[in-house]
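Here the structure comes first, spelled out in structure tokens, and everything after it is commentary.
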Amino acid sequence: MRKQMEGDNQRRRALARQARSQGQRPSETGASLGATKQLTSLDQRRRNGPAPAGRHKPTSTNGGPAPPPIGAPENSRPIPDSGPTGPTMISYQDLVTDVGRRSGVDFPTAKVGVSATVLTLARALGVAERGRLLAAVPTRLHDITPVDGIENRSDLPGFLAEVGRLSGRTPEQARYQAAATLTALADRDGDLVESLHVPEGLQDLLAPPEPGGGVIGATAATPPLDEGQLREVQAHLPYWSGDRHGLSRTVELPAENLGRVLDRLDQLRRQTGRGPSIGQPDRTTAVLTVATPRPRGAPEVTRPDVDLAHAVDDAIDEVGAGMAS
């Protein structure tokens, strides 16, 4: 037995040398097997022909060719075209936030105002243009209240009254909401707003309102605050004083600081289309006044003026009373 094993080993070494001299590995010729298994392996290989196609994991015991190296195909499969993506959808969050900034109200108030404006405008448009508007604005603005349930008004007073009814605001407050909504939409998709052919009676909404409370007209002007309402709002405006014809705040600061405050108020006017009247008796003093002009008679304080006064206070606080950063 021992001599037989030694003979087997000699034959394996001889076969291994022969395989290496022919550029093959010993395992490919069966040299790594015992003598009996070598003959059986070689005989099977002759009978069976080449190894079946496919990848075979080489090991130290079963031999076989190593798998081919991994490579990239010469002609990779093209990625299918997903087709046109359609019009860019206007962001709900961005739109409502922008309208709130322009009209000087918080997000929940702006959200209601934007929805009321979109619904009322959609009702005033033709069927094709209505579909174009509703397809472009966020669905959340019109997925609860059906457009057919809105009163169709293409005249300005009626339009504002309907927006005010839906949003729970006065017609003049509704004007700020509607104007802010349309200008915000135009900034995001000017082609859309232009293609809607807004009724002529509503064209004024595309222009920013006048400073202060604004003027809508005798049939749609918001009523002034009465004495009781005025006292109530002044309790929340400690820096302001006045009467039913106007509220004023005096700001006294070093000239450089005051300049920064006035720059911020100019920015507020550009952002929202609203700003206080500003008087500057000297380089260190500014008198800020909010009031709604009337076509006939003295100006009066309205709810939008109160909103503007709060926005002015916030702007002054934001700039740190003009302190350099």
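The values are calculated or read from the model by the stated rules, or taken from the named source; none is laboratory data. Computed from a predicted structure; not experimentally measured. Positions of Cβ are generated from backbone atoms using ideal geometry, with glycine treated the same way; all protein chains shown enter the neighbour counts. Protein only, heavy atoms only, side chains kept; ligands, DNA and RNA dropped before computing areas. Shrake-Rupley method; radii C 1.70, N 1.55, O 1.52, S 1.80 Å.
Can you give the convex hull volume per residue for the Cα atoms of segment 91-130, as a whole number of Å³? Can you show the working numbers first?
On the way: hull volume 2.6 nm³, N = 40.
Cα convex hull per residue, to the nearest whole number: 65 Å³.
Just reorder HIS142, HIS310, HIS197, HIS245 by solvent-accessible area, largest first, 1.4 Å probe, all chains present.
Values: HIS142 40, HIS310 65, HIS197 130, HIS245 100 Å².
Result of the area sort, largest leading: HIS197, HIS245, HIS310, HIS142.
What number comes out for the charge environment of PRO223, summing +1 per Lys or Arg and -1 per Asp or Glu over other residues with Cβ under 10 Å away?
On the way: positive: ARG303; negative: GLU172, ASP226, GLU300.
Charge balance in the 10 Å sphere: -2.
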Sticking with the crude label model, points 7 Å out along Cα→Cβ, report the distance from ASP314 to ARG13 in nm, one decimal please.
9.5 nm
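Quickly rank 180-192, 157-169 as a protection proxy: mean count of other C-beta atoms within 10 Å, highest first.
On the way: 180-192: 18.8, 157-169: 21.5.
The packing order, highest mean first, is 157-169, 180-192.
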Give the long-range amide H neighbours of ARG244: residues separated by 5 or more places, or on another chain, with amide H under 5 Å away, using H modelled in the peptide plane at 1.01 Å from N.
none
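Keeping every protein chain in place, order ASP226, ASP305 by accessible area at 1.4 Å, biggest value first, i.e. largest first. All intermediate terms of the calculation are to be shown ahead of the outcome.
Working: ASP226 75, ASP305 0 Å².
Descending accessible area places them as ASP226, ASP305.
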Can you give the local net charge around GLY201? Use residues other than it whose beta-carbon is closer than 11 angstrom to its beta-carbon, Lys and Arg +1, Asp and Glu -1.
-2
